[in-house]
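Beneath this line is the structure, given in structure tokens, with notes to follow.
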Amino acid sequence: MSTPTTSPAPAGPGGLAPKIAAEEEARVSAGRRFIDRLIRARELGLLVVLALIVIVTGVIEPNFLDADSLKQTVLNVAIIAVMTAGMTLVIVTRNIDLSVGSILGLSAFVCGDFLTKNPDVPWPVGVVIAVVIGAACGLLNGVLVTWGRVPALVVTLGTMYALRGVAFLVTDGRQINAEDLPDSFLTAGSGDLLGIPTLIVVALLVIALFWFVARDYAWGRQLYAIGSSGRSGGQAAKLAGLKSDRRVTQAFVISGALAGLGGAMFAARYGTVDATAGQGYELRVIGAAVVGGVAIAGGSGSVLGAALGAVVLGTIQTALIVLKIDDFWQQAIVGLLIIVAIALDRLIAKQSEALLRQRSARRRTAA
Amino acid sequence: MRDSRFMRVLALLFAVVLGAAVITGCGSTKDDEESGSASSGSTAAETTAADSSATIKKGLNVVVMPKQLGNPYEELEDKGTVAAIEETGGTAKIQGPTDAAASSQVSLLRSITQQKPDAIVLAANDPNAVVPVLKQAQQRGIKVVTQDSDSAPEGRQIFINQATTQSIGEQLAKQALETAGSAGGEVAVLSATANAPNQNAWIKIMQTELKKPEYSKIKLVKVAYGDDDDQKSFQQAQGLLSAYPNLKSIVSPTTVGIAAAARYVSDSKYKGKVAVTGLGTPNQMRKFVKDGTVAQFALWNPEDVGYLGGYAAAALASDVITGKQGESFKAGKLGTKTIGENGEIVLGPPTTFTTDNIDKFDF
Amino acid sequence: MSTIAPTAPAPDRTPSSPRSEDSRLKAILGRWETLILALIALVFLIGSGISSEFLTGESLTTGSSDFTEYAILALPLTLIIATGEIDLSVASVLALSSALMGYLWNQGLPMEGIIPICLVAGALCGLLNGWLVTGLGLPSLAVTIGTLALFRGLAFVILGDESVTSFPTGYTDWAFGNFAGTVVPNTIVLFLVLAAVFAVVLHRTPFGRAIFAIGANREAARFSGLRVNRIQLRLFILSGVIAALAGILLTLRNSTAAGNVGEGFELTAIAAVVLGGVSIFGGTGTIGGVLLALILLGGIQKALNLDPDISTYWVNIVFGILLIGSVLGPNLAARVREARRINSRGTRPPRPGRSAAPQSGPGGEGNSNA
């Protein structure tokens, strides 16, 4: 990423700045701190929910708690969590990426196909190919959204169709089976690294990286600024249009690249890839982000929260099976959860807005 | 003035894009078709077809429709059908929907009916939704064969059954008994989608079978649905093992489900304790048979199902048969086949694969 | 009302271009529909080249009846999108209606009783969506992603793994048949009647003007006295009822009720709406444009399906390209136009429209999916 020159919100108070601006700055950063705390509260809340699910399920069905079962539960979430990190970056800029499932399908197949045909090439090359394909698709999305000024919903709906079509075209009815893939690749997918499954390590690294970058770097804060500027009429973000475009494009590229990485992970973990791989993942990923507190209207939410959202949804799905709840209820319950999550968000946001107003009013009267 | 020129340029641009898409569409698929036929059928045509298809018309035009494009099992079947039609000197084209929805199949079938091929060979996504359009096709003299997944009998003339529903259901029950061990115990089924007609019919037979005294030690605790989605099936397998600690065997009558369940078990502490069995393809399951996760599973050869379907369609379109019970025709390398009750032809009992024979199969 | 009328129908395809010279923009809108018409002509030309079967009455019958449900779903979606909201749950409501229909028929209820119950169920689904969006102020995109899963899940809860097929032939024959000896399917006649009603409501009534006013500027609409929430709630309920109707028609047309019908239908319907010239940000669009877009998409699908050498996935690719192109094309044209205007006027300072561009671009456009 290029070195950021302006950082909108958390910029330090300039000594020469007029008094009013400094006050404004202080108010904004106080608000920011407060929101940060809220987000942290959200993450804590998710952890509590997660703990509750695990404990309740574990009490009813102790088998759920054994290390193996828990490991597999987290493993199931790894791919979705990685994609959710990218999706979060896109959504905070007030955009959306519906094409991630199709990107996953395309890159998983190309990666698997390449490794099948070139068994002597080290497998990381296949992963790089998957990531590059994903990034290229993301770039296409980003350019159409920023340069072409086409709404993200329309662009990614279109590329979701078209890329799935391309995946069908590329696979041409073929399927990649586990036995075609190099063992080293499959071992990497199902193996451990320092006692932790590799895929979980990858997911943790990705989440940590983007959580950190989005939270603490100007680059990341700019994404939030772009997202919230759409809402408040462009007052918060003082970014030039060109820079804003570049940031949004970068967010799409990252989302695409992570979907590509998800494709490589998919191939390594499942070993079976055909043209339909990843169909419907976009809704799982967006659902996870929403449950994780990422506001679909842009400007707020954290990568960590979104990842926790993915873990909560994944754990609930496994828990429902373990609790012997009828299969037919599962989808309905997941849908209900998404709605409850955003409704809760709304209520909390309303309360916190009121709180913020009180605080600033108090500060003003004190000054 | 200027604006309208831009709009015209724009229209032209669209036209070019669209035109290019359509033209490349024709081009590339044709290429695929040609290269596909070159590899699959042309050598066989000269050797086997000459004598066995004496009364079958040359140059038949047949459309093959899978449940969904890109489904590897269906692709194998269709490969068999195309090979059979080409052996008879006809041409077969594969046309299928991109999703496994009944309505997409209906819409395509209507267009195919308009193309007036000699015959349609179809694996139906829904037994009833396709009936009206298939009836219409038959009224126009198009012969209809279903394979793998049947439509209601009035929609088609012949159904190629991979094995009778009864025999598959019995096989699944037997697999459950044999893999659960001598003491018996709990077994679970991991199926495809909740609406899959094949799987539902087999499971129903299996459940009746399990009520018999010889199966008294086996208890079917749960039918789970993995939606033929790898990850969902995987998750279901995991959930089953946690929910039912005494589970002895997972029976999965779908190729996606059995592979996902085997992969989960092979990588968990349940390996060797919980058996996985059901219906799967040898290429997908070889790894798990060799590492001891899976002792046995079964399947018919999907290419043979398609191959028989192709010959049945050719025989129907050449008026060698009409689809009545008792009629028989020569089906290339599969020999003479006779039409049974309800216009069904049964390919034969499924092959059971174990460590001893799995390397002899490649599909 | 009169204060809103002049600003409401802002027929501008390109949100970034300045809003001026109303008549000119109307002319562009006219040309948008002309463009779609030209594309339709092109598709028909190519189609008749692909197959001699393309330009026949039968193709009209089969091609149009295949599009019945997309077309019907597109009508309320046009209204909802014109207000700047979205409803992704329509196909799930369709499935819920189908499953409910199958369940009630199994319970022995007469069709005359089942159909109203399904429509009411659809209305309740729409009410839930609408209440969450207007009552709680939640973004419709997030709400309907949730209800997309919820309603589809409920469809499975109601009917499980069954599919019900024994519907009375009187009804199924009607749904499968043509209107009074013509080549037009009965279901399409029903759609055309609905489309006419929707067109009148959207383009000739205060309610329709209010819809555009909300889409153009929600706050302004509120301040000018419109009951924005109530209108939107009604639209979501309407969407639910119409989706339930589409579910009934699909069930009868295929004589099969199941929980898994219509997966992904919402996407094709939205594609038709956007291609028809309705801005995803709201404020613009016509039922006529959507109608033309449906004809275009239906024509393409029919043409591609008639050639056994063209694989079906090309339909996906062409739809995807058209969808993006339908917004990209006019935007680019507007840009080129603007560049020329600036060039031709020499040293003219940059127009306000340009400096506002970032705001209306990627993340911008105030009322995008909120």
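The values are calculated or read from the model by the stated rules, or taken from the named source; none is laboratory data. In this text, all values refer to a predicted model and were calculated from it rather than measured experimentally. Methodologically, a virtual Cβ is constructed for each residue, glycine included, from the backbone with ideal geometry; neighbour enumeration extends over all protein chains shown.
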Residues of the range A:278-313 that turn out to be surrounded by 22 or more Cβ atoms within 10 Å (Cβ to Cβ) and within 12 Å of chain B (Cβ to nearest Cβ), as a count: 4
Report yes if some residue within the range A:135-147 is within 14 Å of chain C (Cβ to nearest Cβ), of a type outside the set (Ser, Thr, Tyr) and outside any helix (DSSP H, G or I); otherwise report no. yes
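Being closer than 21 Å to C:ILE86 by Cβ, out of contact with any Phe, Trp or Tyr (no Cβ under 9 Å at 6 or more places or on another chain) and not in a loop (DSSP other than H, G, I, E, B), is that true of even one residue in the range C:171-185? First the steps, then the outcome.
Looking only at the range C:171-185, we keep the residues that are closer than 21 Å to C:ILE86 by Cβ, and these are none.
Within the range C:171-185 (the criterion being closer than 21 Å to C:ILE86 by Cβ, out of contact with any Phe, Trp or Tyr (no Cβ under 9 Å at 6 or more places or on another chain) and not in a loop (DSSP other than H, G, I, E, B)), the answer is no, since none of the residues qualifies.
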For A:LEU344, are the conditions met, namely being on the phi < 0 side of the Ramachandran plot and within 14 Å of chain B (Cβ to nearest Cβ)? no
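Go over the candidates A:ALA361, A:ALA354, A:ALA264 one by one and state the one that is modelled with pLDDT of 85 or more and either hydroxyl-bearing (Ser, Thr, Tyr) or in a helix (DSSP H, G or I) (or both).
On the way: A:ALA361 fails: modelled with pLDDT of 85 or more; A:ALA354 fails: modelled with pLDDT of 85 or more.
None of the other options fit; the residue is A:ALA264.
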Candidate set from the range B:256-286 (those that are within 18 Å of the chain's Cα centre (by Cα) and surrounded by fewer than 24 Cβ atoms within 10 Å (Cβ to Cβ)); member that is farthest from B:LYS204 (Cα to Cα): B:ASN283
Restricting the range C:149-173 to residues that are exposed (fewer than 15 other Cβ atoms within 10 Å of the Cβ) and in contact (Cβ under 8 Å) with a residue 12 or more places away in the chain, which is farthest from the other protein chains (Cβ to nearest Cβ)? C:PRO168
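Conditions (1) within 13 Å of another protein chain (Cβ to nearest Cβ); (2) among the hydroxyl-bearing types (Ser, Thr, Tyr); (3) part of a helix (DSSP H, G or I), marked per residue:
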position: A:ALA85; (1), (2), (3): no, no, yes
position: A:THR88; (1), (2), (3): no, yes, yes
position: A:ILE91; (1), (2), (3): yes, no, yes
position: A:LEU104; (1), (2), (3): yes, no, yes
position: A:PHE109; (1), (2), (3): yes, no, yes
position: A:GLY112; (1), (2), (3): yes, no, yes
position: A:PRO119; (1), (2), (3): no, no, no
Matching residues, the range A:161-195, being under 22 Å from the mean Cα position of the chain (by Cα) and more than 7 Å from every other protein chain (Cβ to nearest Cβ): A:LEU163, A:GLY189
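For the range C:233-249, does any single residue satisfy the condition of being more than 10 Å from chain A (Cβ to nearest Cβ), small (Gly, Ala, Ser), within 19 Å of B:VAL106 (Cα to Cα) and crowded, with 24+ Cβ neighbours inside 10 Å? Don't jump to the end; show me each part of the working.
First, the residues of the range C:233-249 that are more than 10 Å from chain A (Cβ to nearest Cβ): C:233-249.
In the following step, the residues that additionally are small (Gly, Ala, Ser) were identified as C:239-240, C:243-244, C:246-247.
Cutting the leftovers down to within 19 Å of B:VAL106 (Cα to Cα) gives us C:246-247.
From what is left, the residues that are crowded, with 24+ Cβ neighbours inside 10 Å are C:246-247.
Yes - at least one qualifying residue is present in the range C:233-249.
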Filter result for the condition that a residue is within 20 Å of A:GLY158 (Cα to Cα), of a type in the set (Gly, Ala, Ser) and surrounded by 17 or more Cβ atoms within 10 Å (Cβ to Cβ), over A:GLY142, A:GLY112, A:GLY58: A:GLY142
3 or more residues buried (at least 24 other Cβ atoms within 10 Å of the Cβ), more than 9 Å from every other protein chain (Cβ to nearest Cβ) and at pLDDT 85 or above: qualifying helices (runs of 4 or more DSSP H) within the range C:264-370: C:265-275, C:287-306
Do we have A:LEU320 as farther than 30 Å from B:GLU74 by Cβ, free of Cβ contacts under 8 Å to residues at least 24 places away in the same chain and within 14 Å of chain B (Cβ to nearest Cβ) here? yes
With respect to the numbered conditions (1) touching a residue at least 60 places away in the same chain (Cβ under 8 Å); (2) surrounded by fewer than 24 Cβ atoms within 10 Å (Cβ to Cβ); (3) more than 24 Å from C:PHE212 (Cα to Cα), which one is the sole condition not fulfilled by C:ALA258? (2)
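Identify all residues within the range A:287-329 that are part of a loop (DSSP other than H, G, I, E, B), β-branched (Val, Ile, Thr) and touching a helix residue (DSSP H, G or I) at 6+ places or on another chain (Cβ under 7 Å); write none if there are none.
First pass over the range A:287-329, keeping only residues part of a loop (DSSP other than H, G, I, E, B): A:292-302, A:323-326.
If we keep only those that are β-branched (Val, Ile, Thr) as well, we get A:294, A:296, A:325.
Answer for the range A:287-329, where residues must be part of a loop (DSSP other than H, G, I, E, B), β-branched (Val, Ile, Thr) and touching a helix residue (DSSP H, G or I) at 6+ places or on another chain (Cβ under 7 Å): A:VAL294, A:ILE296.
Considering the range B:193-239 alone, what residues qualify as being in a helix (DSSP H, G or I) and either at positive phi or among the small types (Gly, Ala, Ser) (or both)? Walk me through how you get there before you give the answer.
Applying the first criterion (in a helix (DSSP H, G or I)) to the range B:193-239 yields B:197-210, B:213-215, B:230-239.
Scanning the range B:193-239 gives B:ALA201, B:SER233, B:ALA237, B:GLY239.
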Is at least one residue of the range A:141-148 closer than 13 Å to A:ALA268 by Cβ and either basic (Lys, Arg) or without any contact (Cβ under 8 Å) to a residue 24 or more places away in the chain (or both)? no
Among the residues of the range B:243-255, count how many are among the polar types (S, T, N, Q), within 13 Å of chain A (Cβ to nearest Cβ) and crowded, with 23+ Cβ neighbours inside 10 Å. 2
For C:ALA221, all conditions in the list (1) crowded, with 23+ Cβ neighbours inside 10 Å; (2) within 14 Å of chain A (Cβ to nearest Cβ) hold save one; what is the number of the exception? (2)
Residues in the range B:61-91 that are hydrophobic (A, V, I, L, M, F, W, C), in contact (Cβ under 8 Å) with a residue 60 or more places away in the chain and under 23 Å from B:PRO197 (Cα atoms): how many? 2
Heads up, the helices (runs of 4 or more DSSP H) in the range C:1-120 (entirely inside) with at least 1 residues that are within 14 Å of chain B (Cβ to nearest Cβ) and at pLDDT below 90 are C:22-50, C:57-66
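Just need a number here: residues in the range C:136-148 that are hydroxyl-bearing (Ser, Thr, Tyr) and either facing chain A (nearest Cβ under 7 Å) or surrounded by fewer than 24 Cβ atoms within 10 Å (Cβ to Cβ) (or both). Working first, answer last.
Taking the range C:136-148 and keeping what is hydroxyl-bearing (Ser, Thr, Tyr), we get C:140, C:144, C:147.
Imposing the further condition that a residue be either facing chain A (nearest Cβ under 7 Å) or surrounded by fewer than 24 Cβ atoms within 10 Å (Cβ to Cβ) (or both) reduces the set to C:147.
So the count comes out to 1.
So which strands (runs of 3 or more DSSP E) are wholly in the range B:108-169 and hold at least 1 residues that are within 13 Å of another protein chain (Cβ to nearest Cβ)? Even if it seems obvious, please write down each step before you answer.
On the way: elements: B:119-122, B:143-147, B:158-161.
Here the list reads B:119-122.
Do we find that B:LYS333 is of a type outside the set (Gly, Ala, Ser) and crowded, with 21+ Cβ neighbours inside 10 Å in this structure?
Working: of a type outside the set (Gly, Ala, Ser): yes; crowded, with 21+ Cβ neighbours inside 10 Å: no.
Judged against the criteria, B:LYS333 is not a match.
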Restricting to the range B:329-363, what's the tally of residues that are assigned by TED's automatic domain parsing to the domain that holds B:GLN147 and more than 22 Å from B:GLU77 (Cβ to Cβ)? 1
